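Have a look at the structure below before the remarks.
The values are calculated or read from the model by the stated rules, or taken from the named source; none is laboratory data. Quantities reported herein were computed from a predicted structural model and do not represent experimental measurements. Here Cβ is always computed from backbone atoms with ideal geometry, including for glycine, and neighbour counts include all displayed protein chains. Side chains included, ligands, DNA and RNA excluded: accessible areas come from the protein's heavy atoms. Shrake-Rupley method; radii C 1.70, N 1.55, O 1.52, S 1.80 Å.
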Amino acid sequence: MEYFFILGNHPELSKSEIQSVLEKQKISYSQTASEATFLILEIEHDLNGIEFINQLGGTIKLGKVIEQIGQPTPQALVKEIEIDDKKINFGISVYNNNLDPNKLGIQIKRLLKEDGHKVRFVTGKEQPLSSVIVKKNILNKQGTELVLLKHKNHFYLGQTLAVQPFELYSQLDYGRPARDDRSGMIPPKLAQIMINLSQIGKDEALLDPFCGSGTVLQQALLSDYQKVTGTDASKKAISDSKENLDWLADQIEQTVTATIKQENVVTLDRVIKPESIQAVVTEPYLGPPLRGGESPEKMQSIVEDLTNLYAKTFNSLKKVLVKNGTIVIIIPMFQMLKNQYPIHLGNILPKGLVLENQWQYSRPGQQVIRNIYKIVKK
């Protein structure tokens, strides 16, 4: 069966996450098509769309591919609309092409009405249709979203099975009682992606040594990881993590268990046994808040301080990681006017820690660009 994945704002990161989850679950796949907005994979067995997309942080929509077609026509598309005795709800989204879905949709609506059906053609301010519109106005009403994916000289016609659980992610991000916007917080979607990139098993030990307000811990527990530990040098961070995990337990109405300890990353081996952790997933301290007018000298000073911290961090993490254990970590690069201030990973990784892959996570105009590194202990 062929499936399409509509990717988030960081497509290469999203693609790597999907592949990591499939490989961890030992699901065979091959790539059919890849564009900036979507990925199409041939997968050896049927996927439960809702279950699978709920595991992911970087995929907006997931659906099945019906067929390849040339230029889409109303007559070809109308056959794929699910007919209901009540009112038919359908929408159309187009990716990687400027084809007008509204013209097609109006013609399809006319054909259905001519056959005696009550029909609503769902449109939105955005095109392609947002996951919110698709969920509330189509999927929740047993409707059909047809998806047209342009690749080379043809289209793939698909049908959406599920969308990202946007309401849950919003609640997990903004609904938590303890937030620290000043220190910065990793978005829950990104935390989910990073956990998936680690490819850790559900019964293996996961550590966040800069747990902050507990976002990585939260996402790991929601994904049923059994051995979750968070540490932080800040007393407030430990308090925030505990408060947020207590809130999480109330929200999902079940017990969540994580070990949370106040400890500086440099002395991590005081509270973590050597070679006992299979994966470290973390966003460390990214430096002081920036106003935008910092001098080059100030930026160089920040880079030097962080370089020193991260060098000590990697030495400490190496001690607690098992052989072939994985670190998925964010290291910042600063963009100030026309100047970039990177932190050179090659200068601080100790012998035995090997860079396996890297990605970038940022938005236009951001001063702090997140470089995500996957590192393995050899």
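The table for this structure:
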{"item": "Principal semi-axes in Å for the stretch 68-205 [√(5λ), Cα gyration tensor, largest first]", "result": "36, 18, 14"}
{"item": "For the stretch 1-80 and the stretch 268-319, distance of Cα centres in Å", "result": "36 Å"}
{"item": "P(r) histogram, all alpha-carbon pairs of the stretch 216-357 included - 5 Å bins from 0, percent", "result": "2, 8, 16, 19, 17, 15, 12, 7, 3, 1, 0"}
{"item": "5 Å binning of all Cα-Cα separations within the stretch 184-290, expressed as whole percents from 0 upward", "result": "2, 13, 24, 26, 21, 10, 3, 1"}
{"item": "Highest to lowest packing among 304-313, 24-33, 217-226, 166-175, scored as the average C-beta count within 10 Å", "result": "217-226, 304-313, 166-175, 24-33"}
{"item": "The stretch 170-269: GluC sites (Glu not before Pro) falling in loop per DSSP and having at most 12 other Cβ within 10 Å", "result": "E253"}
{"item": "Members of K61/K152; K24/K61; K64/K103; K318/K338 lying beyond 27 Å, as alpha-carbon distances in this model show", "result": "K318/K338"}
{"item": "Leading residue at positive end of dipole, the chain (Cβ point charges), from S276, G105, L345", "result": "L345"}
{"item": "Candidates G365, G287, G325, ranked by Gaussian network fluctuation over the chain, Cα under 10 Å, top entry", "result": "G365"}
{"item": "Per-peptide average of other Cβ atoms within 10 Å, ordering 353-360, 94-101 highest first", "result": "94-101, 353-360"}
{"item": "Within the stretch 101-234: Cβ-based charge dipole about Cα centre, in debye rounded to nearest 20 (Lys, Arg +1; Asp, Glu -1)", "result": "980 debye"}
{"item": "For the chain, convex hull volume per residue from C-alpha positions, Å³", "result": "156 Å³"}
{"item": "Mean-position separation - Cα centroids, the stretch 185-230 and the stretch 106-133, in angstrom", "result": "40 Å"}
{"item": "Residues of type aspartates and glutamates that K319 reaches as a straight line, Cα spacing below 16 Å, ignoring anything fewer than 8 places off in the same chain", "result": "D208, E263, D269, E275"}
{"item": "Among beta bridges that DSSP assigns inside the chain, antiparallel share in %, nearest 5", "result": "65 percent"}
{"item": "Sequence of E35, E17, E114 when ordered by accessible area, the most exposed leading, probe 1.4 angstrom", "result": "E114, E35, E17"}
{"item": "Helix axis angle, 188-198 relative to the chain longest principal axis, alpha carbon, degrees", "result": "80 degrees"}
{"item": "The chain: most fluctuating residue of L13, L206, L129 per GNM, C-alpha cutoff 10 Å", "result": "L129"}
{"item": "Solvent-accessible surface (1.4 angstrom probe) belonging to V132, in square angstrom, nearest 10", "result": "60 Å²"}
{"item": "Relative contact order %, the stretch 111-157, counting alpha carbon pairs below 8 Å whose residues are six or more apart", "result": "17 percent"}
{"item": "Lysines with Cα under 23 Å of K312, excluding same-chain neighbours fewer than 8 positions away", "result": "K235, K236, K261, K273, K298, K323, K351, K374, K377, K378"}
{"item": "At most 15 other Cβ within 10 Å, DSSP loop - trypsin sites (Lys or Arg not before Pro), the stretch 33-87", "result": "K79, K86"}
{"item": "Residue among L157, A249, G116 farthest towards the positive dipole end of the chain, charges placed on Cβ", "result": "L157"}
{"item": "Inverse of mean 1/r across different Cα pairs in the stretch 21-95, Kirkwood, Å", "result": "15.1 Å"}
{"item": "Antiparallel DSSP beta bridges within the stretch 277-354, as percent of all bridges there, nearest 5", "result": "40 percent"}
{"item": "Length-normalised contact order of the chain in % [C-alpha pairs under 8 Å, at least 6 apart]", "result": "13 percent"}
{"item": "Tilt relative to the chain, helix 296-320 - C-alpha long axis, 0 to 90 degrees, to 10", "result": "90 degrees"}
{"item": "Listed residues P364, P74, P177, most fluctuating in the chain (Gaussian network, C-alpha, under 10 Å)", "result": "P364"}
{"item": "Magnitude of the charge dipole, the stretch 27-141, Cβ model with Lys/Arg +1 and Asp/Glu -1, debye to 20", "result": "760 debye"}
{"item": "Local net charge near V322, Cβ-Cβ under 12 Å (Lys/Arg +1, Asp/Glu -1)", "result": "+4"}
{"item": "Dipole magnitude of the chain, debye to nearest 20 (Cβ charges: Lys/Arg +1, Asp/Glu -1, about Cα centre)", "result": "500 debye"}
